[in-house]
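K.L.:
My questions will all concern the structure given below.
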Amino acid sequence: MFNAYHLARPRKVGCRACELSEIKAQACNEAVAKEASMRRIVKVIISVGGVLTLAVGAAVAIAYWPSPLPPPQRVAAAPPLRIDNVTVVDVETGGLTPHRSILIVNGKIARIAGVDQIGEVPGVRRIDAAGQYVVPGYNNMHSHILGADHPGAGLALMLAEGVTGFRQMSGSERLLKLRREGRLPLNENTPELLETPGDLVMPLNIASTADAGALVTSQKRQGADFIKVGATTPPLLYAILSAARKQGIPVVGHLPEGIDPVLASRNGIHSIEHLGPGDTMWIGCSEKKVALMEEAERHPSVPAPPFPIPEFAQKLLEPLVSRVMARRLLNPAAFEKEEDVRRLQAAFDSYDPQQCRALAQELARNGTWMVPTLVRLRTQYLQDLPEYRIDPAIPYLEPRAYHAWTEVADIFAALPESSRQTFREGYGRSLALTALLADEGVPMMTGTDGSYQTPGLSMGQEFRELARAGLSPLKILQMTTRDPARFLGRTETMGSVAVGKNADLVLLSENPLSDVSNFERITGVVRSGHYHSQEELALMRRRSFQFAQSAAPLLHNFSIRS
């Protein structure tokens, strides 16, 4: 865990990203120089202090990232589509119904019947899917794709891997405004934005429990679908949960250090991300729970400011803090203090399986959802694995993003061996905890915590890690289709292949219930009635690759930042 001074800590920089073939060295070196300049700005802000200095520094930072207003976009009307000879997968029961035809009209499933039972429809496009399987589109329920510098390339990659819907987990007042105006880079060639929050709740924008009501009111008025909490404190989280409950808006996110997960669940947190993250769930499973919780609360990862920050200064400061912290959030484990790692190890050493099972049962009773994001935990705890240096995602990363990731990877590799051993143990335990939660009926969903700016965070990899945890292919398929629909309260329009549902579908060449690897054998994707063939999906990947290699805007080029 880190404090504010880590943000300005000098690091040796070098353009390792440019070791990749065909990536322009000039663009990468400019990115390195910009980051070094930004680090100097943060150091001045931290050392000088004071609201005026913060505001001035943030104003300088904003100048680095101009935000032109993007043009309006929408999902175009789709012509009628008919998919013939396909096997329909029932995600509820695992049943298979072969030799079906699916008629799609106006972006909805109009009819499912035998091939000979559907009459001719004028202007219909017919797809012969003999030997193929159809499932609902996948949903990535923890994504940060709209926070990327150029989200268009990542959105295309998401669709190419079968994702037709996503929950954005980092928002802003500007993002909410762009959504209202239809100016986000979303259309029939991208997944659908299912939900998004306003600004992440952090010590920067809430100094006391008395501010909780005003914060919730403000974000709800802006159009947030939920409140996302980050590094808060137990009293602040309870205050936010209380205020949000009165106003009918869900709260999701991170459990603060020092909180009892049971109490957070009973007080109504709607979904917990990343199995905590950190040590919160592990302390909840520990025989030494009370002592470890007290110690954790005394040492928060992000201390609150020593004085209240006026709202105008918060707005100016947020883009700067977000930009600099984004690098740290590539892997928080790389910046953990040794005493915090020792506390995590103490929780592991005092693990009580019966207490952990009781905790899982409590979450299930309260309807508290969990989004494990195992790929996020794996890249966090096992970042020194050689495989991440040759990950298939690397060619699609922009030079600056790859440089930032390799720099953090080097920091992680330099941690004491004892810390890295604790993290290795932590990932194995994360797999076991995920299996326990599933066994006890805790509702769960798939998510990656990615924005296509780091290796190792694809949905295919998440599916494989869930299988490693012991979950069946049907369970994983439910987590990415049926269960997001239940979580969102949209079972009438999504989550299964049925008449009346949105025509967001994935076609597969092999039975997904036989092996989770078949989830990635995609032969086509239907997004709101628009069919994307295997060749068209490959073209999307190629264009994303070209974008990364050129380090120049090829698809959408705008920022959602204020």
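K.L.:
Quick test of your reading of the structure: Val163 fulfils all but one of (1) closer than 19 Å to Gly107 by Cα; (2) aliphatic (A, V, I, L, M); (3) open to solvent by 10 Å² or more (accessible area, probe 1.4 Å). Name the failing condition by number.
P.N.:
Exception for Val163: condition (3).
K.L.:
Please identify the pairs in which a residue from the stretch 149-167 that is farther than 16 Å from Asp483 by Cα and in contact (Cβ under 8 Å) with a residue 40 or more places away in the chain has its Cβ atom under 6 Å from the Cβ atom of a residue that is part of a helix (DSSP H, G or I) and open to solvent by 10 Å² or more (accessible area, probe 1.4 Å), counting only partners at least 6 apart or on another chain.
P.N.:
Ala156/Met540; Ala160/Met540; Ala160/Arg541
K.L.:
Looking at Val229, Val201, Val216, Val163 in this structure, which one is of a type in the set (Val, Ile, Thr), under 15 Å from the mean Cα position of the chain (by Cα) and over 30 Å from Thr93 (Cβ atoms)?
P.N.:
Val229
K.L.:
Every residue in the stretch 437-449 that is over 18 Å from Leu513 (Cβ atoms) and open to solvent by 10 Å² or more (accessible area, probe 1.4 Å), please.
P.N.:
Result: Asp439, Glu440, Gly441, Pro443, Asp449.
K.L.:
While we're here: What pairs come out if I take residues in the stretch 116-139 that are at positive phi and pair them with residues that are assigned to a loop (DSSP other than H, G, I, E, B) and polar (S, T, N, Q) whose C-beta lies under 9 Å away, six or more apart or interchain?
P.N.:
What qualifies is Gly131/Ser509.
K.L.:
Here is a list: Ser458, Ser451, Ser472. Which entry is on the phi < 0 side of the Ramachandran plot and without any contact (Cβ under 8 Å) to a residue 12 or more places away in the chain?
P.N.:
From the options Ser458, Ser451, Ser472, the qualifying one is Ser472.
K.L.:
Turning to a different aspect of this structure: Output the helices (runs of 4 or more DSSP H) that fall wholly within the stretch 450-504 and possess 3 or more residues being open to solvent by less than 20 Å² (accessible area, probe 1.4 Å), closer than 30 Å to Thr406 by Cα and not charged (D, E, K, R), or say none.
P.N.:
Qualifying helices (runs of 4 or more DSSP H): 459-468.
K.L.:
Using beta carbons and a limit of 7 Å, which pairs, at least six apart or on different chains, have the first residue in the stretch 406-428 and closer than 14 Å to Arg378 by Cβ and the second one open to solvent by less than 50 Å² (accessible area, probe 1.4 Å) and polar (S, T, N, Q)?
P.N.:
So the pair list comes out as Ala409/Gln383; Phe412/Asn331; Phe412/Gln383.
K.L.:
Out of (1) under 21 Å from Leu178 (Cα atoms); (2) in contact with a Ser or Thr (Cβ under 7 Å, 6 or more places away or on another chain); (3) surrounded by fewer than 19 Cβ atoms within 10 Å (Cβ to Cβ), what's the single condition that is false for Leu200?
P.N.:
(3)
K.L.:
Still on this structure, I have one more. Only one of these conditions is not met by Phe545: (1) among the hydrophobic types (A, V, I, L, M, F, W, C); (2) touching a Pro at 6+ places or on another chain (Cβ under 7 Å); (3) under 23 Å from Gly95 (Cβ atoms). Which number is it?
P.N.:
(3)
K.L.:
Another one. Can you name the number of the only condition in (1) more than 23 Å from Ala393 (Cβ to Cβ); (2) over 20 Å from the mean Cα position of the chain (by Cα); (3) at pLDDT below 95 that Arg561 fails?
P.N.:
With (1) more than 23 Å from Ala393 (Cβ to Cβ); (2) over 20 Å from the mean Cα position of the chain (by Cα); (3) at pLDDT below 95 applied to Arg561, the lone miss is (2).
K.L.:
Can you name the residue in the stretch 514-544 that is over 25 Å from the mean Cα position of the chain (by Cα) and assigned to a loop (DSSP other than H, G, I, E, B) and is also farthest from Met445 (Cα to Cα) among such residues?
P.N.:
Checked the stretch 514-544; the qualifying residue farthest from Met445 (Cα to Cα) is Gly529.
The values are calculated or read from the model by the stated rules, or taken from the named source; none is laboratory data. In this text, all values refer to a predicted model and were calculated from it rather than measured experimentally. Heads up, the Cβs are rebuilt from the backbone with ideal geometry, glycines too, and the neighbour counts pull from every protein chain shown. The protein model used for the area step is the full one, side chains on, heavy atoms only, and it has no ligands, DNA or RNA in it. Shrake-Rupley method; radii C 1.70, N 1.55, O 1.52, S 1.80 Å.
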